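Structure first, commentary second.
The values are calculated or read from the model by the stated rules, or taken from the named source; none is laboratory data. Just so we're clear, the structure is a prediction, and the values are computed from it rather than from any experiment. Neighbour counts are summed over all protein chains in view; Cβ atoms, including those assigned to glycine, are modelled from backbone coordinates with ideal geometry. All accessible areas refer to the heavy atoms of the entire protein, side chains included, with ligands and DNA or RNA removed. Shrake-Rupley method; radii C 1.70, N 1.55, O 1.52, S 1.80 Å.
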Amino acid sequence: MGQPRRRGYPHGHGRHHRCPRRIALPAAGLGLLFLAVSLLSVSLLSAPPLADPRTGLGTSSSSRRFLRRYPTNGSGGELEGSESGDAFSVTTHGWTGQDDLWRSKLASNFHRCSNSSNKFLDSGVTTQPDRYLIVVTSGGLNQQRTGIVDAVVAARILNATLVVPRLDQTSFWKDSSNFSEIFDMDWFISYLEKDVRIIKEPPEKGGKAMKPYKMRVPRKCTPRCYLNRVLPALLKKHVIRMTKYDYRLSNKLDTDLQKLRCRVNYHALRFTDPIQELAEKLIQRMREKSRYFIALHLRFEPDMLAFSGCYYGGGEKERRELASIRKRWRTLHIRDPEKGRRQGRCPLTPEEVGLMLRALGYRSDVYIYVASGEIYGGEDTLAPLKALFPNFHTKETLSSQEELAPFLKFSSRMAAIDFIVCDESDAFVANNIGNMAKILAGQRRYFGHKRTIRPNAKQLYPLFMKRGNMSWDAFASQVRTIQKGYMGEPMEITPGRGEFHANPAACICEKSGRNSVIVKSISGSTQEPVTDTRIRKAIDIGRPPYPVYTDEEADGSDTEEDPDSSGRGEKFHGLDISELA
């Protein structure tokens with residue numbers, strides 16, 4: 001038999017000579033070291049230096065903010081998913097299994113249920129003569145919407161006839177639109193005719209409009225509060241005019257009154273045809289570009305940042321500009337900007353929103369519709385978001401100047417267009433806790449738990465602060481874990497918690513099945529069946545604490561002269577960013 005093959009030697013050395021053991025081992029080690037260095041060199045040459053291919057996230061000090069190095073469409077390093085980018089698979093941390101980013105798999109287990117019970121009498125029986133309620137709403141479109149909804153319920157509590165609410169035309173937004181120029185007034189009146197009698201104009205006596213008695217009720221006034229404070233004046237004066245009417249009704253009502261709220265908000269308040277038609281055109285144009293799209297309420301306007309008291313690193317220039325805007329609200333106290341960010345009370349920056357969405361699994365080729373006014377910092381602020389999601393659209397980019405011209409001078413009508421597009425989106429991202437975010441969250445829950453993402457800002461903030469010192473995979477995994485419970489899943493919010501407009505629990509019922517349990521409704525006084533405990537368990541696992549929504553605003557001067565604002569009545573001052581939405 002031949003000798004075993006041995007390592008060859010240079011010419012002139014005998015093949016039977018052997019290296020001593022003390023020489024052979026170091027030589028082998030050097031060989032392995034050379035091989036390792038070679039492989040490492042190849043890998044370094046084939047990857048972008050110091051940056052993650054998905055986002056530009058690196059570990060060097062020069063790349064810690066990674067504002068400019070993002071992938072283009074079709075670049076490598078995307079999260080695993082289907083060809084359409086519909087879903088992604090996570091095997092560690094965060095969600096498990098295949099999660100659809102565009103819909104909730106549990107939504108089919110629930111349905112809306114806002115019909116009144118047999119105990120809720122027809123308005124023809126309950127409405128009393130010579131009782132008329134006039135309300136003057138305040139704020140922007142969605143703040144006024146809360147006032148309209150609660151005005152209907154207040155009229156029902158008082159067994160009064162409601163005059164179509166007057167809209168705020170003199171506040172910060174200075175929109176001269178009246179009710180019928182934003183909402184379909186005839187539909188509003190006819191849809192609610194069995195719940196509350198509604199008339200278009202104030203009542204007359206002797207051919208002249210009856211002079212109303214002006215008053216204001218405290219925030220979150222309960223039904224007992226209305227009966228004790230308003231009803232005596234209504235019986236004596238017959239016509240009551242309530243001013244600064246927003247959030248003047250308690251969140252906690254009996255189930256029939258909560259369901260009435262839902263009928264008003266989700267069915268009776270229909271936008272006018274011109275607003276609806278343009279919004280539907282924009283939706284169609286987004287659908288023509290992509291099967292799915294995200295709507296983002298960015299809410300990074302100067303007034304929003306000024307009101308919130310937040311700071312985003314713009315130095316003395318930012319502090320000076322926002323402080324000047326902040327003077328518009330006389331009742332605001334000085335806030336600690338860093339504390340506000342730590343507590344999750346500040347909107348994410350456009351860049352942070354984009355990073356969150358990419359970490360959740362939305363690919364760079366996803367189409368985004370951005371609902372927003374003027375962005376603080378302009379294009380420089382938007383650039384990182386556009387780099388992450390190049391398919392970036394607004395109502396201005398989707399419509400012609402001629403189409404948009406009739407709405408440009410009216411902030412509420414422009415907001416209504418955005419509202420409709422956001423509501424019809426496949427995924428909606430609310431970057432604040434203001435009125436539009438709350439109302440859309442509630443509406444999307446009511447109509448099938450459409451995917452609604454609320455950034456868990458309190459827990460995301462420290463993660464963003466250290467993002468430059470971690471890999472993209474670690475960052476994305478932590479984002480998915482943090483966002484569990486903030487994705488618009490059914491029963492994500494415990495009934496009875498959260499503001500009613502964001503969580504209309506009394507108007508959403510679970511389909512009957514086995515394992516039925518009883519839980520208290522949001523009113524805290526009535527009980528409704530909630531079934532299929534498997535669903536509850538799936539949602540509850542890892543659910544973070546729900547952020548407490550506050551719905552009080554900086555209550556400045558009235559939109560008109562009001563006896564309650566002159567010192568003879570009560571003043572109610574609250575602080576929150578919800579006035580701005």
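Structure above, values below:
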item: D186/R330 FRET efficiency (R0 45 Å; Cβ-Cβ; nearest 0.05); result: 0.70
item: Region 369-516: equivalent-ellipsoid semi-axes (sqrt of 5 x gyration tensor eigenvalues, Cα, Å); result: 29, 25, 13
item: Total charge dipole magnitude, region 123-270, about the Cα centre, Cβ charges on Lys, Arg, Asp, Glu only, Debye to nearest 20; result: 680 debye
item: Sparse-neighbourhood loop sites, trypsin sites (Lys or Arg not before Pro) in region 317-390 - DSSP loop, at most 15 other Cβ within 10 angstrom; result: K327, R328, R330
item: E204, E379, reordered so the largest accessible area comes first (probe 1.4 Å); result: E204, E379
item: Relative contact order computed over region 123-270 (Cα-Cα under 8 Å; 6+ residues apart), in percent; result: 34 percent
item: Trypsin sites (Lys or Arg not before Pro) restricted to region 118-204 and DSSP loop, no more than 13 other C-beta within 10 Å; result: K119, K174, K200
item: Cross-link reach list, lysines versus K259, counting only Cα pairs under 22 Å and skipping chain neighbours closer than eight places; result: K119, K194, K220, K438, K450, K511, K520
item: Cα-Cα P(r), region 208-269, percent of pairs per 5 Å interval; result: 4, 16, 20, 22, 19, 14, 4, 1
item: Sequence-distant residues sharing a close amide H with Y367 (under 5 Å, placed H); result: I294
item: Other-chain or far-sequence residues with amide H under 5 Å of S104's (modelled H); result: R451
item: Inter-part distance where region 419-457 and region 376-399 are each reduced to a Cα centre, Å; result: 20 Å
item: Potential extension, E193-C225 segment - 0.36 nm per residue separation minus Cα distance; result: 9.0 nm
item: Fraction of antiparallel bridges per DSSP, region 123-270 only, in percent to nearest 5; result: 15 percent
item: For region 359-405: rounded, prolate or oblate by the Cα gyration tensor [a/c cutoff 1.5]; result: oblate
item: Sites matching chymotrypsin sites (Phe, Trp or Tyr not before Pro) across region 383-434 that sit in DSSP coil, with at most 14 neighbouring C-beta atoms within 10 Å; result: none
item: Calculated P(r) tail over 21 Å for region 418-491, as whole % of Cα pairs; result: 34 percent
item: Carbon/sulfur fraction of accessible area - region 199-344, other protein chains in place, 1.4 Å, %; result: 49 percent
item: From the C-alpha gyration tensor of region 123-270, square roots of 5λ in Å; result: 20, 18, 16
